[in-house]
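Visitor: The structure is given below, and queries will be raised subsequently.
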Amino acid sequence: GARLTFYDTGKHAVGGRASSRAFESRKIAVDHAAQVVVPNDAEFVELIDLLAKEGAMRKWETRLGVVGGGGAIEELWGHDADKWVGSPNMGAVCKALVRLTPGLHVRRPQWVAKIVRSKETGQWSFFNSGGRVLGRHDVVVIAHNGKCADRLLRPTGAKRIHQICRAEFVGEPRDETLQKLQLTSLWSLAAALDAESAENVAQYVGDYGGVFVRGSGKLSWFANNGSKSSNAKGVWTLLSSPSYAAANKVPQEAIPEDTAARIQAEMLQEFQAAIKCGHNITVDDSLVQLWGAALPVNQFSHRFAFDPAQQIAVCGDWMGSSAS
């Protein structure tokens, strides 16, 4: 079989958007990026069944809804709908995929700054930001998007693959063909509410585990992590709207403390307004993160692209199915 080397930038684990963040104060990890998986083809269902047998995924037996300006939540999916989450959190999904892939060697945290193909051997050399060779490989698969993939591919001469990976960030989706991959950013807030606030919010939200927000300039989603794990009671994940993230972009690797505090306050206020909660919402602990290349808003029609002349391929969640 093939010898596979997987380069991943994750400091604590593999996963990217399918990962979880630790609340040290509560000794738990909660989903701060991808929230739920809804399978849409037979192969995906088979993969979920395999992950479920491994104990890495389970059905999310809750209701999902949508709320608008009136404050009343309308049901989108009931308890029995086919929707899945990681077990005990989304971070378990990629850990299981690594475990189930024979011959896979994971290198993390590792940033690949440049790739160069030898004209003599045809092998690709990987370099870090300091110019050191990380490894040499026969075939490259880029499971990435955004400006990083664009920048990595631009000088390689792999023009057909680079054409697909050209990207731009937009505040709102544009109804265009895939001249460039269009990406939106999101702010993510994981908030451990104090006991009184947790009780008040539960009265307004009821038994809904996750809710989409319509008509808000700041908030697009909120989820009760307690509906995924009993250890995460009172911990909520809030995702901003793309337009709010675009208007409040900062370097995501070094978010200023005053910016994080402002984002948290504004998103909590919007959460309170969305559910028409008559009490101020306060937190014991929180995690604020800017998710840069969060959601693709247009798509490539095929599930992957491979250039056999250059021995380089690209795949991702923006290929072959609609973004969600």
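The values are calculated or read from the model by the stated rules, or taken from the named source; none is laboratory data. Just so you know, these numbers come straight off a predicted model, no measurement behind them. Heads up, the Cβs are rebuilt from the backbone with ideal geometry, glycines too, and the neighbour counts pull from every protein chain shown. Side chains are part of the model used for accessible areas, which takes the heavy atoms of the whole protein and leaves out ligands, DNA and RNA. Shrake-Rupley method; radii C 1.70, N 1.55, O 1.52, S 1.80 Å.
Visitor: Failed condition for G234, given (1) open to solvent by less than 20 Å² (accessible area, probe 1.4 Å); (2) out of contact with any Leu (no Cβ under 6 Å at 6 or more places or on another chain), with all others met?
Guide: All conditions are met except number (2).
Visitor: For the range 114-124, enumerate the residues that are within 17 Å of L4 (Cα to Cα) and not in a loop (DSSP other than H, G, I, E, B).
Guide: I115, W124
Visitor: Can you run down the residue pairs with Cβ atoms below 6 Å, 6 or more apart or on separate chains, where the first is in the range 219-248 and in a helix (DSSP H, G or I) and the partner is open to solvent by 10 Å² or more (accessible area, probe 1.4 Å) and charged (D, E, K, R)?
Guide: G226/K233; S243/E172; Y244/K218
Visitor: Specify the residue that is nearest to V36 (Cα to Cα); the eligible residues are those in the range 287-309 that are surrounded by 19 or more Cβ atoms within 10 Å (Cβ to Cβ) and not hydrophobic (A, V, I, L, M, F, W, C).
Guide: Filtering the range 287-309 for residues that are surrounded by 19 or more Cβ atoms within 10 Å (Cβ to Cβ) and not hydrophobic (A, V, I, L, M, F, W, C), the one nearest to V36 (Cα to Cα) comes out as P296.
Visitor: Could you tell me whether the range 139-150 includes any residue that is at pLDDT 90 or above, part of a strand (DSSP E or B), open to solvent by 10 Å² or more (accessible area, probe 1.4 Å) and more than 27 Å from V288 (Cβ to Cβ)?
Guide: Yes: the range 139-150 contains one or more residues that are at pLDDT 90 or above, part of a strand (DSSP E or B), open to solvent by 10 Å² or more (accessible area, probe 1.4 Å) and more than 27 Å from V288 (Cβ to Cβ).
Visitor: From L219, L183, grab the single residue that is more than 26 Å from W60 (Cα to Cα) and within 17 Å of the chain's Cα centre (by Cα).
Guide: Of L219, L183, the one residue that is more than 26 Å from W60 (Cα to Cα) and within 17 Å of the chain's Cα centre (by Cα) is L183.
Visitor: Within the range 2-11, take every residue that is open to solvent by 30 Å² or more (accessible area, probe 1.4 Å) and touching a Gly at 6+ places or on another chain (Cβ under 9 Å) and give me the one that is farthest from E253 (Cα to Cα).
Guide: The residue in question is A2.
Visitor: Is there a residue in the range 44-60 that is part of a loop (DSSP other than H, G, I, E, B), closer than 25 Å to S188 by Cα and touching a residue at least 24 places away in the same chain (Cβ under 8 Å)?
Guide: Checking the range 44-60: at least one residue is part of a loop (DSSP other than H, G, I, E, B), closer than 25 Å to S188 by Cα and touching a residue at least 24 places away in the same chain (Cβ under 8 Å).
Visitor: Another question, if that's okay. Checking V14 against (1) hydrophobic (A, V, I, L, M, F, W, C); (2) open to solvent by 40 Å² or more (accessible area, probe 1.4 Å); (3) part of a loop (DSSP other than H, G, I, E, B), which test does it fail?
Guide: All conditions are met except number (2).
Visitor: If you don't mind, there's one more thing I want to ask. Only one of W111, W187 is of a type outside the set (G, A, S), within 26 Å of K11 (Cβ to Cβ) and part of a loop (DSSP other than H, G, I, E, B); which?
Guide: W111
Visitor: Further question: From the list R107, R154, R166, R132, exactly one residue is over 30 Å from G278 (Cα atoms), surrounded by fewer than 16 Cβ atoms within 10 Å (Cβ to Cβ), touching a Ser or Thr at 6+ places or on another chain (Cβ under 7 Å) and charged (D, E, K, R). Which is it?
Guide: It is R107.
Visitor: Condition first: closer than 21 Å to S230 by Cβ and open to solvent by less than 70 Å² (accessible area, probe 1.4 Å). Now tell me which residues in the range 52-77 satisfy that.
Guide: The answer is A52, G55, A56, M57, W60, T62, R63, L64.
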